[in-house]
């Protein structure tokens with residue numbers, strides 16, 4: 001008589017239980033994938049993609065071994081900034097994590113290599129020159145010598161960027177619909193920012209200023225000249241002094257406009273020391289100089305704490321220390 005191949009009731013229960021608890025390999029829907037992608041800004045995604053391209057151009061692959069990643073970091077230590085290498089390492093980690101692969105970034109040899117690079121080259125953050133009120137007034141003289149449309153745009157962009165202490169991404173993200181007019185100035189709605197990725201939003205008020213360098217008047221003049229009644233506030237102007245299209249300037253364009261304006265004023269070497277952030281840094285520096293309290297400055301800048309502000313306020317405070325001699 002042949003032995004029975006039919007599983008016992010106990011064995012069948014065990015098989016059923018194992019089948020029931022086996023995790024399903026269900027692919028995420030298009031809707032889930034779209035929301036997952038939205039968790040990360042497009043700028044961050046582009047930045048990570050560029051990092052991975054550089055890694056692959058120099059022998060890297062995904063997946064990568066810890067030894068390959070460590071060699072990549074060591075190869076560019078001293079050539080690339082420490083902060084850039086750290087960003088590249090995060091990109092490599094994310095590229096593995098997104099595919100469910102073990103990240104080489106958590107391997108001890110990679111950690112020790114990065115730690116050694118930080119100790120050798122330091123992690124000092126690049127500081128751009130802050131553009132304060134006197135700098136802006138002198139810049140306006142040179143900006144006004146440009147063609148009318150470009151001069152009006154650059155004047156409005158720089159003055160509003162300074163007075164609102166805007167990040168460059170916030171500045172180019174401003175839209176006509178986000179402006180509320182008041183008798184004493186304009187209120188701007190910032191829909192999203194670097195520290196507000198979920199779009200809670202905040203408002204920034206810019207009052208009228210005395211004189212011809214008023215940011216509110218400069219903006220209203222630009223809007224009238226350009227015929228802007230909807231959409232982005234700041235758009236490209238071509239070499240024929242015509243507004244191009246309906247798309248906003250890029251954040252990088254803000255930096256180029258600031259550099260160009262400083263170059264006209266003080267030359268190439270001075271232009272190398274400034275960036276789009278120089279307007280925001282200049283507001284913080286100027287505000288600290290005239291005696292505004294940190295909480296008042298944060299109300300304009302949107303900083304969550306005084307830690308970052310201290311980078312601007314402390315140097316100003318030191319310069320106010322009286323001589324004891």
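Checked against the criterion of being closer than 30 Å to residue 184 by Cα and buried (at least 20 other Cβ atoms within 10 Å of the Cβ), the candidates 231, 282 yield just one match: 282. Scan the range 144-154 and tell me whether some residue there is under 23 Å from the mean Cα position of the chain (by Cα) and either under 16 Å from residue 259 (Cα atoms) or modelled with pLDDT under 95 (or both). Yes, the range 144-154 contains at least one residue that is under 23 Å from the mean Cα position of the chain (by Cα) and either under 16 Å from residue 259 (Cα atoms) or modelled with pLDDT under 95 (or both).
Answer with yes or no whether residue 264 is closer than 13 Å to residue 128 by Cβ, touching a residue at least 12 places away in the same chain (Cβ under 8 Å), over 18 Å from the mean Cα position of the chain (by Cα) and surrounded by fewer than 19 Cβ atoms within 10 Å (Cβ to Cβ). No.
Looking across the range 98-110 at every residue that is out of contact with any helix residue (DSSP H, G or I) (no Cβ under 6 Å at 6 or more places or on another chain) and in a helix (DSSP H, G or I), the one that is farthest from residue 48 (Cα to Cα) is identified as 108. Report, by residue number, each residue of the range 201-232 that is touching a strand residue (DSSP E or B) at 6+ places or on another chain (Cβ under 7 Å), over 23 Å from residue 132 (Cα atoms) and in contact (Cβ under 8 Å) with a residue 60 or more places away in the chain. Of everything in the range 201-232, those that are touching a strand residue (DSSP E or B) at 6+ places or on another chain (Cβ under 7 Å), over 23 Å from residue 132 (Cα atoms) and in contact (Cβ under 8 Å) with a residue 60 or more places away in the chain turn out to be 202, 226, 232. Meeting the requirement of 3 or more residues that are within 21 Å of residue 178 (Cβ to Cβ), the helices (runs of 4 or more DSSP H) wholly within the range 211-325 are 215-226, 251-266, 277-289, 294-301. For the range 111-125, indicate whether the set of residues that are under 25 Å from the mean Cα position of the chain (by Cα), part of a helix (DSSP H, G or I) and in contact (Cβ under 8 Å) with a residue 60 or more places away in the chain is non-empty. Within the range 111-125, not a single residue is under 25 Å from the mean Cα position of the chain (by Cα), part of a helix (DSSP H, G or I) and in contact (Cβ under 8 Å) with a residue 60 or more places away in the chain. Against the condition in contact (Cβ under 8 Å) with a residue 40 or more places away in the chain, in a loop (DSSP other than H, G, I, E, B), touching a helix residue (DSSP H, G or I) at 6+ places or on another chain (Cβ under 7 Å) and not assigned by TED's automatic domain parsing to the domain that holds residue 281, how does residue 95 come out, does it pass? So residue 95 does not fit the description; no.
Residues of the range 171-185 that are at positive phi and out of contact with any strand residue (DSSP E or B) (no Cβ under 6 Å at 6 or more places or on another chain): none at all.
Residues in the range 174-188 that are in contact (Cβ under 8 Å) with a residue 40 or more places away in the chain, out of contact with any helix residue (DSSP H, G or I) (no Cβ under 9 Å at 6 or more places or on another chain) and either in a helix (DSSP H, G or I) or loosely packed, with under 15 Cβ neighbours inside 10 Å (or both): 177 only.
The values are calculated or read from the model by the stated rules, or taken from the named source; none is laboratory data. Keep in mind that what you see is a predicted model, and the values were worked out from it rather than measured. Reconstructed Cβ throughout: ideal geometry from the backbone, glycine too, with neighbour counts over all protein chains shown.
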